[in-house]
1. For B:LEU387, state whether it is in contact with a Lys or Arg (Cβ under 7 Å, 6 or more places away or on another chain), without any contact (Cβ under 8 Å) to a residue 60 or more places away in the chain and at negative phi.
2. Find all pairs meeting these conditions: Cβ atoms under 7 angstrom apart; at least six residues apart or on different chains; first residue within segment B:282-311 and closer than 14 Å to B:MET267 by Cα and free of Cβ contacts under 8 Å to residues at least 40 places away in the same chain; second residue surrounded by 23 or more Cβ atoms within 10 Å (Cβ to Cβ) and of a type in the set (Gly, Ala, Ser).
3. Counting only residues that are touching a His at 6+ places or on another chain (Cβ under 8 Å) and among the hydrophobic types (A, V, I, L, M, F, W, C), how many does segment B:155-196 have?
4. Is there any pair with a first residue in segment B:407-435 that is modelled with pLDDT of 90 or more and a second that is charged (D, E, K, R) whose Cβ atoms are under 7 Å apart and which are 6 or more apart or on different chains, and what are they?
5. Could you pull out the residue among B:GLY82, B:GLY43, B:GLY38, B:GLY60 that is over 27 Å from B:ASN101 (Cα atoms), out of contact with any Gly (no Cβ under 7 Å at 6 or more places or on another chain) and among the small types (Gly, Ala, Ser)?
6. Would you be able to say whether some residue in segment B:225-237 is hydrophobic (A, V, I, L, M, F, W, C) and assigned to a strand (DSSP E or B)?
7. What is the number of the single condition among (1) within 21 Å of A:LEU298 (Cβ to Cβ); (2) modelled with pLDDT under 95 that A:ALA77 does not meet?
8. Please tell me if B:ALA231 is more than 22 Å from B:GLY501 (Cα to Cα) and either surrounded by 18 or more Cβ atoms within 10 Å (Cβ to Cβ) or of a type in the set (Ser, Thr, Tyr) (or both).
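The values are calculated or read from the model by the stated rules, or taken from the named source; none is laboratory data. Quantities reported herein were computed from a predicted structural model and do not represent experimental measurements. Here the Cβ positions follow ideal geometry from the backbone for every residue, glycine too, while neighbour counts run over all protein chains shown.
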Amino acid sequence: MPDNGAAKSEPAPATTNGAAAETKRQRVRMLISALGMLPVLLILCIGFHFLSEGRFFTGQNLGIVLQQAAVNTVLAAGMTFVILTGGIDLSVGSILAASAMAGLTLSKLPELGMLWLPVSVLTGLGFGIVNGALIALLRLPPFIVTLGSLTAVRGLARLLGADTTVFNPSIPYAFIGNGSLTLIPGVASIPWLSVIALLVIFVSWLVLRRTVLGVHIYAVGGNESAARLAGIKVWAVLIFVYGISGLFAGLGGAMQAARLYAANGLQLGQSYELDAITAVILGGTSFVGGIGSIWGTLIGALIIAVLSNGLILIGVSDIWQYVIKGLVIIGAVALDRYRLQGSART
Amino acid sequence: MNDPILEMRGVSKTFFGIKALRAVDLTVYAGEIHALMGENGAGKSTLMKILSGAYRPDPGGEIRIEGHPVRIEGPLGGRAAGISIIYQELSLAPNLSVAENIYLGREISRAGLLARSAMREGVGPILKRLGADFLPSTLVAHLSMGQRQLVEIARALHARSKILIMDEPTTSLSAAESERLFALIRQLRSEGLAIIYISHRMDEVYALGDRVTVLRDGRLVGSLDKPDIRADTIVRLMVGRDVSSFYKKDHDPDAGRGHPVLAAIDMADGHRVKGCSLTVHAGEVVGLAGLIGAGRTELAHLIIGAAPRTSGGLELEGRPIDIRTPGAALEAGIAYLTEDRKALGLFLDMSCLDNINLAVLGRDARLGWVLDRDKARERADRAFAGLSIRAANVGVPAGGLSGGNQQKVLLSRLLAIAPKVLILDEPTRGVDVGAKSEIYSIIDNLAKVGTAILVISSDLPEIIGICDRVIVMRAGHIAGEVARGPTSPLTQEDIMALATGMEHLDA
């Protein structure tokens, strides 16, 4: 459209070279923030393998790691949506407990028992939407709202089972908690919990990277005012992300219930939100929103599971496990800061 | 007159290679009110910040106070040198009392405990001298804007400042409060203080100024003594530069005339915009001029539904239309380019591709939600070629681009919806000269194809260079319109007269 060739051609060569170098740098930077933690994961795995005298890389142990990572991966996927908008969801552990309680209670009714799984998931969705509505429509800070529901929903979870542990040894769909999907008969199988977790990651990736909604989520996290001026319905995006976080927490609750055949409103899911947040931050998602990927979250969740598993394998005491995990969280946030320094944000 | 209290000799300030102040010589005497004038961006606030210690001047200049060379450094440097500044946005803590605010940072304590009563007694005489009608123990939150200004002045006097700089002090005052302030300023002058009074308002400068100094493009272009203070002289000093030839205006302003596209009718927000009406026709470029704070951006926000309006409405192509969100405005074909592209426009961490496609993602999507990546790619490539956006590829984050290229990326997003109305708020702010002239020709080409364009700009030569007519706002109202006649060109003098309200004084 413009026709002033002079202004155009003069600085062009320098810019192209500079821009090419710049793109290369940015590619490297993106690679670092996407893969950043993958080398850490591999080093941890190899390190634990040697320290435990070869007990880490066994089919059985890897199966345990994947199974242990599953629920946290699902919660962390939901948390990724929320943190990408610059928010936080502290209530996922409580929602997980309430959903599991709701599901288990229903599963004991003979005629409705089969419905327990969708009811669990929808219970989680319901709590998530309430969180989202309070944040998006009343403009309350996410930290405060979800801190409140962390407490309130925990209370509701205890209420659901009259503050007792609910058992159901014959819960329908029990296979998702303890069964495995056989890939090659007799050789390789993968726990159903892990299959669900990987499906959740894949669906999250589709939504974040292949839909209009995904771009809107990144936009709201990157610059909320600009998103509003660009015509994005910010409130709808916020209700969606908290809804999906609740939904995944509900799914996590169902996974736990099927695995344990039981749920306790007081104990189930205690401080799960911290592991989920840690996984997201370890995965390179920026705490201020707008930057991050779901694959990073998967790696982050695996690091936490490997850390727990490996520390037990090499016989580190329970107490020191806490200390080491805490230091990992702080290290992760330090990495987040470092990453932001190099980003385009000025 | 006595010896100068403040002398600045050859003071310059450079920001990243851009000269904000060029060798300014300013002399201020005790017992005078020295008015400082200039267009937006002429260097007034830079000068003020050097005197306050917020900026350090380039080496080579000299500042003398009462004949002694001084170095003003750090936020307290100005106050230590005897200079106090009263900013437009007052810098008081509303949760503290008047006395606590006056003593802020220099509290009296006895044995480590705050001596509130001693502080209250300490400020009593000063408040009395200023004729204050409130107590030292009153919370600042309970005071009116005029009273808060008194507290600021009391703070300056309490610090024994000899030079008082006031930056547009009447912006948030009522007429009666302004009158009281003027009386107080004259009283302070008679007590021997030097007052540097920064204002855009001609009437205030007439009423108060003993001398007027005018800045333009970072240079001191002239000082006038009381008898020479005349509106036309000042305006000529303020604007006096040629309209350079790089503005592009080939479209025929009369071609589409008679077909109004956008009409704002009596729009108000109950605060900064007080009943504004304007019309933009197809194929026309209309300028919206005015000083900073005149309400231009606020009016644009009302038109696109980014701020709630208290009265008035819009007509689009002759039909009333109710727009309450920016999304609705985009859907109706009204696009707005924000003046603050980093805070309100771009997503700096997102790729240029996503930035460009953001407004049309839903329209392009398959099955309503699934991104059509080929279409997005194609659109971004077309925008890069059409607007000659210079970046390695469409995938790089927008934050890495230069100001001009960022602006073109943002403009591409708006053009993607093929707008009927395009509102451009400071379209060339922070943009280099080459990109500026490219943006002008983009605007010109859009007008040729019948887009109705409203350009908000504080750059008068720009407005004159690219607009067919100019609407001028002042203090939330439409002050008037300057039209281009066959024989009479648009002039900066006419626009500035409307913007500052001087046309009444000259009449």
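1. Taking the combined requirement at face value, the residue satisfies it.
2. Close Cβ pairs (under 7 Å, with a partner that is surrounded by 23 or more Cβ atoms within 10 Å (Cβ to Cβ) and of a type in the set (Gly, Ala, Ser)) amount to B:GLY305/B:ALA329.
3. Selection size over segment B:155-196: 3.
4. B:GLN407/B:ARG341; B:LEU410/B:ARG341; B:ALA416/B:ARG379; B:ASP425/B:GLU339; B:GLU426/B:GLU339
5. Matching residue, one of B:GLY82, B:GLY43, B:GLY38, B:GLY60: B:GLY38.
6. No, there is no match, as no residue in segment B:225-237 is hydrophobic (A, V, I, L, M, F, W, C) and assigned to a strand (DSSP E or B).
7. (2)
8. For B:ALA231, the condition - more than 22 Å from B:GLY501 (Cα to Cα) and either surrounded by 18 or more Cβ atoms within 10 Å (Cβ to Cβ) or of a type in the set (Ser, Thr, Tyr) (or both) - is not met.
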